[in-house]
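Reading through the structure tokens given below for one structure.
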Amino acid sequence: METSENKLLSGPVIAVNIGLKSFGTSLEQQGVEVVQVDWTPPAGGDQEMMDLLDELL
Amino acid sequence: MASSFVIRKNQYYDSVFLMSVNRRISEVKGVQQTAVLMGSPTNKQLLLDIGIHDNQIEAAQPNDLIVAVIAETSAIVENVLGRLDEWLEAIQENTLSLNVRTLEDGLSQKPNANLAVISVPGEYANREAKKALEAGLNVFLFSDNVSIEDELELKKFATQRGLLVMGPDCGTSLIGGVGIGFANAIRRGPIGVIGGAGTGLQEFTSQVHNAGSGISHAIGTGSHDLSEKIKGLTTLAALDALEADQQTSVIVIISKPPEASTLAALLERIKTCKKPVVGCILGVEPESVSGKPNFQPARTIDEAARLTVGLSIGQPAVPSGGLSPEMLAIIHEEKKGWSPEQKYLRGILAGGTFCYQSQQILGEAGFTVHSNSPIEAKNRLEHPDRSSEHTLVDMGEEFYMVGRPHPMIDGTMRRHRILAESHDPQVAVLYLDFILGYNASMDPVGELLDAILEAKRLSKQRGGSLTVVASVCGTEGDPQVLGLQMKLLQEADAMVFRSNALASTALCQLLGQR
């Protein structure tokens, strides 16, 4: 059975970029299929609320 | 002096974007200090440290934008803050909003995605990485400040699923010719790389490219992977993957010092690897690991590149150029220009691996070098900001990173340090590294040029001459273009080298007997 890392290495890279937009842009400039997540701190950055959300989901 | 601030609720921007806005505002005439940041607890403390405090700031949340300005007059402060939208829009890229707010949204757009690139602030990184692995994605985790326990959990989970976790604290990878994070433009070829030393990986892959060969994949592991706790989980997974990869014929491992039992286990695994393995394990004497089956140790990154390029074409190591007779003559001339009191080296470095490798090469030549990231604890600087005799400063070290951009993206901190060193009449040699590639500063040499020239001018004014040594890591295909950056340095009368190891050899010659 082919392992997943072999699949990544045999490419092509298809990426989801979460965080610095510039990382996504440089991937696009290299011709990579990439989707940029417009990320913001979940639950407004409230740790207790995040834990609660994680439990609910 | 006047100061004020503006808070924008629920307006989140990433740190690189905020840094660009900060830089633009700080260039306005009369502005003394600016802070453009999100309302995280660390950032609120930074504001307090510069004397900006208010109940509204105290109440701000991590997704609230805070812009604070300290300037000569209140008119300047009001003007800057009044034009905030202009500053934000000037830098904001015109991106098409697809309403992609979460990883799940992203996967609905690209259900066949195979890699999550994660660079959110450390406190949220583990959560995002876990979600990505659960969705079956490999992870490139640039974020640091992920606990070692969380790292272990992520990597164990990934191993069970046959996935790779590159990181946390992973600066660079090259997968099938694609540079992720801080990577250079490198042609594809037969050499597979594994490593936890970010700038070390960039240096190695650039050396291989510049020698005419290429890289199949370079898999970053994060800086803690070869620790006692993590036991090289990503390194071992990467070794499996490269062993199975048809494009790879030789494997190289570039690493900072590993934990002893982890190194022993790694060497044991290498024994049975079907492909030859070269290792540049900084901090480990090559003699202590020589004679191990299927493993060729290299003392420096340059040596690893020469050995590996040779192996990939079935030939012995490409011989080292070393220092040319012309360069030795230049070194001789440089020393003649020094005043009697000039005797010390000051290296102001962006690359942590370069700081380490330079210390190693100078140490082997018998020089005692002080550092904020010393190889031996006894050589630690009393304070990172205060140099002592021969000093190499790692400007990317944690002390300098709180609320500030890495010196690879922004040269401001290095510029200030060069100017500080320029007032010390005992400094004879200034050593600087320049790292090119995707996501790095678009003009790293240009950012420091005025400081270099000012330091040279001051030295001349004192009746001496400052020798500037520079190494440039990168390729002609990089956005900054290797040749152009080297030319700028040569025009500023610097001695320019294409590798950190070669520059360090020149430093040994410069600091040797006069």
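The values are calculated or read from the model by the stated rules, or taken from the named source; none is laboratory data. None of these values were measured; they are calculated from a predicted model. Note that each Cβ is placed from the backbone with ideal geometry, even for glycine, and that neighbours are counted across all protein chains shown. Keep in mind that these areas ignore ligands, DNA and RNA; they rest on the heavy atoms of the full protein, side chains included. Shrake-Rupley method; radii C 1.70, N 1.55, O 1.52, S 1.80 Å.
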- Checking B:A265 against (1) assigned to a loop (DSSP other than H, G, I, E, B); (2) over 25 Å from B:S471 (Cα atoms); (3) open to solvent by 20 Å² or more (accessible area, probe 1.4 Å), which test does it fail? (1)
- Would you mention how many residues in segment B:323-375 are open to solvent by 60 Å² or more (accessible area, probe 1.4 Å) and not hydrophobic (A, V, I, L, M, F, W, C)? 11
- The lone exception for B:V100 - which of (1) among the hydrophobic types (A, V, I, L, M, F, W, C); (2) more than 28 Å from the chain's Cα centre (by Cα); (3) within 9 Å of chain A (Cβ to nearest Cβ); (4) not in a loop (DSSP other than H, G, I, E, B) it fails: (4)
- Message: I'd like the full set of residues that are open to solvent by less than 20 Å² (accessible area, probe 1.4 Å) and assigned to a loop (DSSP other than H, G, I, E, B), limited to segment B:376-395.
- Response: B:L381, B:M395
- What about B:N114, is it more than 12 Å from chain A (Cβ to nearest Cβ), free of Cβ contacts under 8 Å to residues at least 40 places away in the same chain and either surrounded by 11 or more Cβ atoms within 10 Å (Cβ to Cβ) or more than 30 Å from B:A129 (Cβ to Cβ) (or both)? no
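Test B:S255 against the criterion of being under 27 Å from B:F434 (Cβ atoms) and away from chain A (no Cβ under 14 Å), and give yes or no.
yes
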- Residues of segment B:146-178 being among the small types (G, A, S), in contact with a helix residue (DSSP H, G or I) (Cβ under 7 Å, 6 or more places away or on another chain) and open to solvent by less than 10 Å² (accessible area, probe 1.4 Å), in sequence order, are B:A158
- Could you list, in sequence order, the residues of segment B:217-227 that are surrounded by 24 or more Cβ atoms within 10 Å (Cβ to Cβ) and among the small types (G, A, S)? B:A218, B:G220, B:G222
- Query: open to solvent by 40 Å² or more (accessible area, probe 1.4 Å), of a type in the set (D, E, K, R) and either in the same structural domain as B:D410 (by TED's automatic domain parsing) or part of a loop (DSSP other than H, G, I, E, B) (or both): does that describe B:R23?
  - Reply: no
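Is it fair to say B:A218 is within 24 Å of the chain's Cα centre (by Cα) and in the same structural domain as B:E303 (by TED's automatic domain parsing)?
Details: within 24 Å of the chain's Cα centre (by Cα): yes; in the same structural domain as B:E303 (by TED's automatic domain parsing): yes.
Answer is yes for this residue.
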- Could you pull out the residue among B:K456, B:K487, B:K460 that is part of a helix (DSSP H, G or I), assigned by TED's automatic domain parsing to the domain that holds B:E334 and touching a Leu at 6+ places or on another chain (Cβ under 6 Å)? B:K456
- Message: When you scan segment B:65-87, do you find a residue that is more than 28 Å from B:V146 (Cα to Cα), surrounded by 15 or more Cβ atoms within 10 Å (Cβ to Cβ), of a type in the set (G, A, S) and touching a residue at least 12 places away in the same chain (Cβ under 8 Å), even just one?
- Response: yes
- Among helices (runs of 4 or more DSSP H) completely within chain A, the ones holding 2 or more residues that are modelled with pLDDT of 70 or more, within 18 Å of the chain's Cα centre (by Cα) and at the interface with chain B (Cβ under 7 Å from one of its Cβ atoms) are A:4-10, A:21-29
- Message: Exactly one of these conditions fails for B:G200: (1) within 14 Å of another protein chain (Cβ to nearest Cβ); (2) under 22 Å from the mean Cα position of the chain (by Cα); (3) not acidic (D, E). Give me its number.
- Response: (1)
- Residues of segment B:182-198 satisfying the condition of being at pLDDT 95 or above, open to solvent by 10 Å² or more (accessible area, probe 1.4 Å) and either over 25 Å from B:K274 (Cβ atoms) or in a helix (DSSP H, G or I) (or both): B:F182, B:A185
- Query: Do we have any residue at all in segment B:45-54 that's in a strand (DSSP E or B), touching a residue at least 40 places away in the same chain (Cβ under 8 Å), of a type outside the set (K, R) and at negative phi?
  - Reply: no
- Which residue, of B:Q11, B:Q33, is in contact with a strand residue (DSSP E or B) (Cβ under 7 Å, 6 or more places away or on another chain), open to solvent by 50 Å² or more (accessible area, probe 1.4 Å) and not assigned by TED's automatic domain parsing to the domain that holds B:P121? B:Q33
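Considering each of B:S223, B:S206 in turn, give the residue that is modelled with pLDDT of 95 or more and more than 22 Å from B:N114 (Cα to Cα). Spell out how you get there, then give the answer.
Values: B:S223 fails: modelled with pLDDT of 95 or more.
Just one listed residue meets the conditions, B:S206.
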- B:V28 under 16 Å from B:L81 (Cα atoms), away from chain A (no Cβ under 14 Å) and assigned to a loop (DSSP other than H, G, I, E, B): yes
- Residue within segment B:162-181 that is under 26 Å from B:S320 (Cβ atoms) and touching a residue at least 40 places away in the same chain (Cβ under 8 Å) present: yes
- Scan of segment A:9-28 for residues that are more than 24 Å from B:G122 (Cα to Cα) and not aliphatic (A, V, I, L, M), ordered by number: A:S10, A:G11, A:P12, A:E28
- Message: Take the conditions at pLDDT 95 or above and farther than 19 Å from B:S15 by Cα and apply them to B:L133. Does it pass?
- Response: yes
- Hits in segment B:272-319 - residues which are without any contact (Cβ under 8 Å) to a residue 24 or more places away in the chain and part of a helix (DSSP H, G or I): B:P286, B:E287, B:S288, B:G310
- Here is a list of conditions, (1) hydroxyl-bearing (S, T, Y); (2) crowded, with 22+ Cβ neighbours inside 10 Å; (3) more than 9 Å from chain A (Cβ to nearest Cβ), and B:S143 meets all of them except one; can you say which number that is? (3)
- Item | Filter pass, B:V178 being within 23 Å of B:L236 (Cα to Cα) and facing another protein chain (nearest Cβ under 10 Å) | yes
- Can you name the condition, by its number, that B:P405 falls short on among (1) at pLDDT 95 or above; (2) surrounded by 19 or more Cβ atoms within 10 Å (Cβ to Cβ)? (1)
- Item | Criterion violated by B:T205 - all others in (1) outside any loop (DSSP other than H, G, I, E, B); (2) within 14 Å of chain A (Cβ to nearest Cβ) satisfied | (2)
